[in-house]
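K.L.:
Okay, handing you the structure first.
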Amino acid sequence: MEKFDGEAGSILVNELNEIIDALRNDINKPPLETVAYEIAMLKNSCKTAIKELKHWMAPEKVKTSLTTFPSSAEIVSEPLGVVLVISAWNYPFLLSLDPVIGAIAAGNAVVLKPSELAPATSSLLAKLLGEYMDNSSIRVVEGAVEETSALLQQKWDKIFYTGNGKVARIVMAAAAKNLTPVVLELGGKSPVIVDSNSNINLQVATRRIIAGKWGCNNGQACISPDYIITTKDYAPKLVDALKTELESFYGKNPLESKDLSRIVNSNHFARLSKLLDDDKVVGKIVYGGEKDESKLRISPTILLDVPRDSLIMSEEIFGPLLPIITVDKLEESFNVINSAPKPLAAYLFTNNKKLKERFVKTVSAGGVVINDTSLHLAVHTLPFGGVGDSGIGAYHGKFSFDAFSHKKAVLYRSFFGDASIRYPPYTKTKMRFLKALMTGGLLAIVNAIFGKS
Amino acid sequence: MNNTGVEIEETVKELRQYFKTEKTRSVTWRKNQLQAILNLVHENEDAMSKALYQDLGKHPVEAYRDELGGLEKSAQTTLNCVEKWMAPTKSHIPLVFFPAKGEVLPEPLGVVLIFSSWNFPIMLALDPLIGAISAGNVVVIKPSDQAPACSSFLANTLPQYLDTNAVKVIEGSPRVASIVMTSAARNLTPVTLELGGKCPAIFDHLSNPSDFKMAVKRIVGAKWGTCSGQACIGIDYLLVEEKFSSEVIELLKKFIRKFYGENMIESRVLSRIVNKQHFERLCNLLKDPLVAASIVHGGSVDETNLFIEPTILLDPPLDAEIMTEEIFGPLLPVITVNKIQESIGFIKSRPKPLTIYAFTKDDTFKRKIVAETSSGSVVFNDTLVQVMLLLPHLIFML
């Protein structure tokens with residue numbers, strides 16, 4: 001088992017250039033992003049799994065109670081069986097292999113179905129996994145809707161799907177037929193609240209927002225900041241800061257920047273264009289808005305004061321557009337967030353301790369980050385996954401191992417310590433003992449022995 | 001409460017509104033509700049026993065042992081621990097992210113739905129409720145309509161004890177349930193499914209006669225003493241080496257007589273079959289001529305009282321329904337193997353059961369069972385105790 005994770009690790013070392021090229025072909029992803037967010041994360045996953053595996057696999061002893069004395073009990077992690085991983089196109093390498101690492105660590109056989117929307121990576125995965133891994137238990141099936149439907153008709157012991165809510169419903173309905181448990185890694189509109197009253201370092205805040213939004217696959221990431229909420233009077237200051245930093249990152253002509261991914265395909269390009277063409281956001285663009293259809297590029301775009309019933313505010317953006325919602329008082333932003341479906345992530349920039357606490361307590365999201373964006377994804381001691389519309393289940397680190405394991409309850413008893421009161425014929429005395437035992441302390445038991453109730 | 005679609009929708013809407021007030025998130029609210037469940041169980045013991053007798057002919061001692069007592073314990077434990085469970089767990093953050101700290105914070109899911117079943121109609125409705133409340137959720141309970149007395153007890157009594165803005169009971173037919181079920185995927189609602197399966201008991205040869213006796217005793221108590229075999233973790237069939245099978249069967253018969261007497265219907269110790277439909281299902285299992293021929297004990301049925309005698313079958317055909325479907329009743333097939341180790345292969349060639357029981361003193365065999373088979377749980381040398389919290393050794397000493 002350790003060997004396979006090790007082999008997954010050596011793919012990353014030996015085939016680095018091929019991986020970078022595939023991602024450049026599929027979405028023009030900047031090599032540094034590929035190395036930082038896909039390769040480095042995967043290496044860490046492998047290393048953690050190899051290092052911790054023995055520890056994760058060990059049965060966990062649990063306490064048993066007086067009522068089952070004498071006995072010992074443990075929770076044994078066992079593989080589920082044959083699992084299916086369906087991954088996405090935006091981080092086609094990471095989102096394919098990270099779940100596979102968890103599945104292997106937990107001892108399962110795996111079929112991986114990479115996204116057909118990142119074809120170069122899909123065929124590279126098929127090739128590399130064929131070369132490096134044990135093909136008797138790890139396979140890649142390439143294909144689109146037809147192949148995926150055929151896969152979903154099979155009986156799996158777990159289905160791990162990364163993608164959108166529409167397909168997730170199809171996956172879950174297919175899984176329900178065989179009572180197959182699912183992990184669904186979806187997205188949602190992840191908000192960023194910027195506090196205007198607590199004297200935050202605005203430059204650092206904007207840089208971190210930009211890094212999470214445009215610096216992660218040009219907004220095409222499930223945990224990208226989707227929109228910003230801030231107060232009316234502070235918004236212009238925030239917009240200025242964003243403009244300055246964006247220019248220092250991507251220059252005066254961001255459409256030409258090599259440091260930004262392109263839009264994955266013409267369907268998504270058209271979808272994003274439609275969001276900008278919505279009548280309700282006319283005149284709201286305060287930065288960017290340039291498009292180049294032939295190259296599938298859209299420049300980083302900021303929209304100020306968009307109405308909440310606009311198209312751009314009613315679906316996950318998944319692209320380089322960043323609307324800003326303004327409120328009179330910052331507290332109102334909690335209502336804005338909570339009246340929408342639960343997002344995958346929620347971000348808050350503030351120095352106000354009370355506000356932090358209130359945010360953590362009130363806002364329900366897959367993960368919450370204070371004073372940064374997207375970083376929780378890389379912390380393998382935190383579970384990564386959604387809640388409500390943003391998904392079911394979680395993974396990363398030990399949570400990946402758990403996601404692909406069954407926790408088997410094991411109880412050891414000896415033949416010593418048997419009593420007649422659990423067996424019929426039932427009598428009043430037996431009832432009295434039973435009650436004393438199950439609810440009372442020692443005194444009640446003693447009382448029961450002497451016939452006092 | 002009536003169960004038309006519109007009214008249910010309205011109920012859920014109200015519950016969701018109430019959840020948004022954040023009242024159910026507070027420790028105080030959770031503790032108050034848990035205390036209320038404790039009071040409810042404590043003050044309504046007779047009413048619940050009566051309802052259980054009415055629905056299932058369940059003996060009060062059995063009702064207390066398997067349902068009410070367990071509930072009190074569960075509510076009390078939860079009440080003691082809920083504050084600790086709610087606390088966030090700190091996560092270790094790798095140095096690269098310095099300065100940062102991380103935590104995992106449990107938060108309520110929102111509006112949750114509990115379907116309970118008819119075999120433990122009080123326990124299986126209120127125990128999940130305890131969990132849901134302790135996590136700060138608002139809840140709809142849909143009790144099984146096949147245990148109508150318990151269902152209406154819950155519908156009438158829960159509102160007297162619990163926050164009615166947060167906990168609602170909706171009675172109705174299973175059709176309602178299946179409608180709600182199919183919508184789970186549509187709404188991406190996560191589900192916990194507590195099901196059953198054919199739970200085997202592996203019976204290794206126990207050289208010590210008193211161990212042997214105790215093992216058989218525990219099997220008889222668990223198979224027939226828990227709602228007459230109508231339990232999800234009840235023993236479905238027994239695996240035993242051929243050369244010991246007659247010895248095992250003789251002892252099984254002996255303890256059946258000892259526990260349940262000669263006149264079992266009158267003695268009221270054994271639960272009856274829940275309804276006519278299940279009664280017929282069980283009778284049909286026995287009708288297959290090859291199965292009928294394999295009956296070595298019992299087999300008599302009483303339709304008016306919905307009673308089926310504890311029945312033992314020796315090696316019924318493996319392709320007969322009694323060996324392909326979950327039995328969920330007082331019939332116990334004994335399947336013989338040459339070597340007891342073969343039982344691992346036998347179990348693995350079938351769907352994963354909820355529980356595997358194994359009576360053995362052989363540690364290598366124990367390890368093999370844990371490592372090679374897959375099931376919800378494994379219990380060595382006892383039955384049902386994994387959930388039923390039975391006896392301590394104190395009583396044994398008496």
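K.L.:
Just to confirm a number: summing +1 for Lys and Arg and -1 for Asp and Glu over residues other than residue B:361 whose beta-carbon lies under 12 angstrom from that of residue B:361, what do you get?
P.N.:
Within the 12 Å Cβ shell, the charges total -2.
K.L.:
Chymotrypsin sites (Phe, Trp or Tyr not before Pro), restricted to segment A:243-341: which are DSSP loop and have at most 10 other Cβ atoms within 10 Å?
P.N.:
Those that pass, being in a loop and sparsely packed, number zero.
K.L.:
Oh, and also: If you average over every viewing direction, what projected area does the convex hull of the Cα atoms of chain A give, in nm²?
P.N.:
So the mean shadow area of the Cα hull is 27.9 nm².
K.L.:
Please work out, to two decimal places, the log10 of the ratio I(q)/I(0) at q = 0.06 Å⁻¹ from a Debye calculation in which every Cα of the protein assembly as shown carries one identical scatterer.
P.N.:
Values returned for q = 0.06 Å⁻¹ are -0.47.
K.L.:
Please give me, ordered by residue number, the GluC sites (Glu not before Pro) of segment B:220-302 that lie in loop per DSSP and have at most 13 other Cβ atoms within 10 Å.
P.N.:
B:262
K.L.:
Taking only the alpha carbons of segment B:5-187, what extent do you get along each of the three principal axes, in Å, biggest first?
P.N.:
The Cα atoms of segment B:5-187 stretch 64, 38, 25 Å along the principal axes, largest first.
K.L.:
How big is the charge dipole of segment A:58-139 about its Cα centre, in debye rounded to the nearest 20, if each Lys and Arg gets +1 on its Cβ and each Asp and Glu gets -1 on its Cβ?
P.N.:
60 debye
K.L.:
Let me ask you something else. Extent of segment B:1-95 along each principal axis, from alpha carbon coordinates, in Å, largest to smallest?
P.N.:
So the extents along the principal axes, rounded to whole Å, are 62, 38, 24.
K.L.:
Right, something else. Mind grabbing the base-10 log of I(q)/I(0) for segment B:80-126 at q = 0.16 Å⁻¹? Debye formula, identical points on the C-alpha positions, no solvent, two decimal places.
P.N.:
After summing over all Cα pairs, the log10 values are -0.71.
K.L.:
How much net charge surrounds residue A:176 when only other residues with a Cβ under 11 Å from its Cβ are counted (Lys, Arg +1; Asp, Glu -1)?
P.N.:
Surrounding charge for residue A:176 is +3.
K.L.:
Restricting to segment A:266-350, compute how many DSSP beta bridges are antiparallel as a %, nearest 5.
P.N.:
Roughly 50 percent of the DSSP beta bridges within segment A:266-350 come out antiparallel.
K.L.:
Also: What is the Å³ per residue value for the convex hull set by the Cα atoms of segment A:176-286?
P.N.:
Hull volume normalised by residue count: 177 Å³.
K.L.:
Using only helices, what value at 222 nm comes out for chain A when you add -39,500 (n - 2.57) per DSSP H run of length 4 or more and divide by the total residues, to the nearest 500 deg cm²/dmol?
P.N.:
-11500 deg cm²/dmol
K.L.:
Turning to a different aspect of this structure: Calculate, for segment B:182-293, the solvent-accessible area per residue in square angstrom, rolling a 1.4 angstrom probe over the heavy atoms of the protein chains.
P.N.:
43 Å²
K.L.:
Next question, about the same structure. What figure in square angstrom, to the nearest 10, would you give for the accessible area of residue A:95 with a 1.4 Å probe?
P.N.:
That residue has around 20 Å² of solvent-accessible surface.
K.L.:
Okay, moving on. To the nearest 20 debye, what is the magnitude of the charge dipole of segment B:248-363 about its Cα centre, counting +1 on the Cβ of each Lys and Arg and -1 on the Cβ of each Asp and Glu?
P.N.:
300 debye
K.L.:
Antiparallel versus total DSSP beta bridges in chain B: what percent is that, nearest 5?
P.N.:
20 percent
K.L.:
If you don't mind, there's one more thing I want to ask. In 5 Å bins starting at 0, how do the alpha-carbon pair distances of segment B:273-354 split up by percent?
P.N.:
Bin by bin from 0 Å, the calculated values are 3, 14, 25, 23, 17, 11, 5, 2, 0.
K.L.:
While we're here: Compare the Cα positions of B:36, A:136, B:333 along the charge dipole of the protein assembly as shown (+1 at Cβ of Lys, Arg; -1 at Cβ of Asp, Glu; about the Cα centre) and return the one farthest towards the positive end.
P.N.:
B:36
K.L.:
Suppose the Debye formula is applied to equal point scatterers at every Cα of chain B; what is log10 I(q)/I(0) at q = 0.06, 0.10, 0.15 Å⁻¹?
P.N.:
Values, matching the q order: -0.28, -0.76, -1.37.
K.L.:
Can I ask one more? Please compute one quarter of the surface area of the Cα convex hull for segment B:200-389 and express it in square nanometres.
P.N.:
10.2 nm²
K.L.:
Let me ask something else. Separation between the residue A:271 and residue A:43 pseudo-spin-labels, each 7 Å from Cα along Cα→Cβ, expressed in nm?
P.N.:
3.3 nm
K.L.:
Pairs to check: A:213/A:243; A:213/A:252; A:158/B:348; A:342/B:20; B:168/B:198; B:223/B:254. Give those whose C-alpha atoms are more than 23 Å from each other in this structure.
P.N.:
B:168/B:198
K.L.:
Over 26 Å, how big is the tail of the calculated P(r) for segment A:191-385, in percent of all Cα pairs?
P.N.:
Tail of the P(r) past 26 Å holds 27 percent of the pairs.
K.L.:
If the only charges are +1 at each Lys and Arg Cβ and -1 at each Asp and Glu Cβ, what is the size of the charge dipole of the protein assembly as shown around the Cα centre, to the nearest 20 debye?
P.N.:
1840 debye
K.L.:
Give the Cα extents of segment A:284-438 along the principal axes, in whole Å, largest first.
P.N.:
Here the spans come out as 83, 38, 30 Å, largest first.
K.L.:
Next question. Heavy-atom accessible surface, probe 1.4 Å, ligands and DNA/RNA ignored: which residues of segment A:357-378 lose at least 40 Å² versus the isolated chain?
P.N.:
A:360, A:361
K.L.:
Out of all DSSP beta bridges in the protein assembly as shown, what portion is antiparallel? Express it as a percent rounded to 5.
P.N.:
If I count the DSSP bridges inside the protein assembly as shown, around 30 percent turn out antiparallel.
K.L.:
Any of B:213/B:361; A:398/B:101; A:43/A:189; A:354/B:90 with alpha carbons more than 21 Å apart? Name them for me.
P.N.:
The pairs that break the limit, which is 21 Å between Cα atoms, are A:43/A:189.
K.L.:
If you roll a 1.4 angstrom probe over the protein chains with everything in place, what fraction of the accessible area of the protein assembly as shown belongs to carbon and sulfur, to the nearest %?
P.N.:
That share works out to 55 percent.
K.L.:
With a sphere of radius 12 Å drawn around the Cβ of residue A:342, what net charge do the other residues whose Cβ falls strictly inside it have (Lys, Arg +1; Asp, Glu -1)?
P.N.:
Local net charge: -1.
K.L.:
Whole-Å semi-axes of segment B:219-294's equivalent ellipsoid, largest first, each the root of 5 times a Cα gyration tensor eigenvalue?
P.N.:
Result for segment B:219-294: semi-axes of 21, 18, 13 Å.
K.L.:
What quantity of accessible surface, computed with a 1.4 Å probe and excluding non-protein components, is buried in total between chains B and A, in Å² to the nearest 100?
P.N.:
Buried surface at the B/A interface: approximately 6100 Å².
K.L.:
Filter the GluC sites (Glu not before Pro) in segment A:143-246 to those in DSSP coil with at most 11 other Cβ atoms within 10 Å of their Cβ, and list the result.
P.N.:
Within segment A:143-246, no GluC sites (Glu not before Pro) qualify (loop, at most 11 other Cβ atoms within 10 Å).
K.L.:
So what's the Cα pair-distance distribution over segment B:97-175, bin width 10 Å, in %?
P.N.:
Bin by bin from 0 Å, the calculated values are 18, 45, 19, 8, 6, 3, 0.
K.L.:
Kindly report the accessible area of chain A per residue (heavy atoms of protein chains, probe 1.4 Å, no ligands, DNA or RNA), in Å².
P.N.:
On a per-residue basis, 41 Å².
The values are calculated or read from the model by the stated rules, or taken from the named source; none is laboratory data. As the structure is a computational prediction, the values presented were derived from the model and not from experiment. Methodologically, a virtual Cβ is constructed for each residue, glycine included, from the backbone with ideal geometry; neighbour enumeration extends over all protein chains shown. Calculation scope for accessible area: heavy atoms of the full protein, side chains included, ligands and nucleic acids excluded. Shrake-Rupley method; radii C 1.70, N 1.55, O 1.52, S 1.80 Å.
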